[in-house]
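The values are calculated or read from the model by the stated rules, or taken from the named source; none is laboratory data. Computed from a prediction, not measured in an experiment: that's the story for all the values here. Neighbour counts run over all protein chains shown; Cβ positions are idealised from the backbone, glycine included. Ligands, DNA and RNA are stripped out before the accessible areas are found, and what is left, the full protein with its side chains, is counted by its heavy atoms. Shrake-Rupley method; radii C 1.70, N 1.55, O 1.52, S 1.80 Å.
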Amino acid sequence: MSDNAQLTVVLVHGAFADASSWNGVVERLQGAGLEVTAPANPLRGISHDSAYIASFLEQIPGPVLAVGHSYGGAVISNAATDAGNVVGLVFVAAFAPDEGERLGEVEAASKDSVLSTALVPLQFPNGDGAETATEFAIDPAKFRDAFAADLPAGQTAVMAATQRPVAEAAFSEPSGPPAWKSLPAWAVVATGDRAAGADVIRSMAERAGATITELEGSHVIMISQPAAVAEVIRTAAAAVLEVSGAVR
């Protein structure tokens with residue numbers, strides 16, 4: 001990584017979503033002069049998705065500020081351990097698991113999350129003959145309450161209809177060595193998060209030594225409050241720019 005290389009902000013979405021969930025944040029970061037990209041997270045499991053995102057990060061010619069939402073936080077924390085050009089992490093209503101932790105077990109301990117009662121199991125072919133694997137979607141009737149309670153009902157109905165299911169392996173696979181143990185971190189905690197659970201997200205952010213910003217809103221805080229989330233990312237970008245020798 002050479003001096004004066006350009007910093008790139010990489011926004012990794014979580015489960016039941018796609019990269020368009022970052023649109024409001026992307027617009028504001030680009031308006032601030034930052035280089036931004038938002039890849040598609042495969043949502044096939046911790047090891048698969050982390051390897052994919054690590055490969056994506058490594059192909060960026062310069063330092064990276066990796067930002068993850070929800071399950072995307074677990075993905076960036078694993079991926080950044082392998083991608084040597086990541087200089088900082090931002091967790092937006094996002095998991096920051098330690099090595100060996102499984103997100104399903106973490107979720108079960110949350111007093112704020114109602115996600116487990118809203119999930120619907122589905123089957124998909126796993127490429128091994130006629131065998132199938134399990135993935136989860138959110139029941140459309142419960143989507144707004146569990147995932148995006150601070151957004152208009154019409155908008156959440158569209159989000160429910162276009163959601164991307166996540167493989168069961170995302171919840172059951174153990175997480176690997178976390179990058180937050182060696183990289184500076186920032187975190188947005190949405191106080192009304194009923195999906196990941198505000199209690200779990202706050203606890204993980206504190207353990208990671210992250211600089212925490214609390215915002216009133218739902219799990220999809222980057223959609224309901226894109227300006228506030230973008231400001232946290234800009235603050236993190238400014239901090240890592242100072243130490244990485246990168247440019248805007």
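Values for this structure:
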item	result
Count of region 51-88 residues which are surrounded by fewer than 24 Cβ atoms within 10 Å (Cβ to Cβ), under 18 Å from residue 167 (Cβ atoms) and of a type in the set (Ser, Thr, Tyr)	1
Subset tally (residues that are in contact with a His (Cβ under 9 Å, 6 or more places away or on another chain) and not small (Gly, Ala, Ser)) for region 62-119	5
Failed item in (1) open to solvent by 30 Å² or more (accessible area, probe 1.4 Å); (2) modelled with pLDDT under 95; (3) under 23 Å from residue 103 (Cβ atoms); (4) hydrophobic (A, V, I, L, M, F, W, C), with residue 133 passing the rest	(1)
Test: residue 191 is surrounded by fewer than 20 Cβ atoms within 10 Å (Cβ to Cβ), within 30 Å of residue 209 (Cβ to Cβ) and of a type in the set (Val, Ile, Thr)	yes
Region 136-161 - residue that is among the charged types (D, E, K, R) and part of a loop (DSSP other than H, G, I, E, B) and, of those, most open to solvent (accessible area, probe 1.4 Å)	150
Single residue of 77, 113 found to be over 26 Å from residue 37 (Cβ atoms), in contact (Cβ under 8 Å) with a residue 12 or more places away in the chain and not in a strand (DSSP E or B)	113
Condition check for residue 243: at pLDDT below 95 and exposed (fewer than 15 other Cβ atoms within 10 Å of the Cβ)	yes
Hits in region 40-50 (condition: touching a residue at least 60 places away in the same chain (Cβ under 8 Å) and either open to solvent by 10 Å² or more (accessible area, probe 1.4 Å) or of a type in the set (Ser, Thr, Tyr) (or both))	44, 47, 48, 50
Scan of region 139-170 for residues that are acidic (Asp, Glu) and in contact with a strand residue (DSSP E or B) (Cβ under 8 Å, 6 or more places away or on another chain), ordered by number	139, 168
Subset of region 1-37 [surrounded by fewer than 20 Cβ atoms within 10 Å (Cβ to Cβ), hydrophobic (A, V, I, L, M, F, W, C) and either at pLDDT below 95 or in contact with a helix residue (DSSP H, G or I) (Cβ under 8 Å, 6 or more places away or on another chain) (or both)]	1, 5, 32
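This table checks each residue for (1) outside any strand (DSSP E or B); (2) open to solvent by less than 50 Å² (accessible area, probe 1.4 Å); (3) more than 16 Å from residue 13 (Cβ to Cβ); (4) modelled with pLDDT under 95.
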{"residue": "163", "(1), (2), (3), (4)": "yes, yes, no, no"}
{"residue": "174", "(1), (2), (3), (4)": "yes, no, yes, no"}
{"residue": "195", "(1), (2), (3), (4)": "yes, yes, no, no"}
{"residue": "217", "(1), (2), (3), (4)": "yes, yes, yes, no"}
{"residue": "227", "(1), (2), (3), (4)": "yes, no, yes, no"}
{"residue": "233", "(1), (2), (3), (4)": "yes, yes, no, no"}
{"residue": "239", "(1), (2), (3), (4)": "yes, yes, yes, no"}
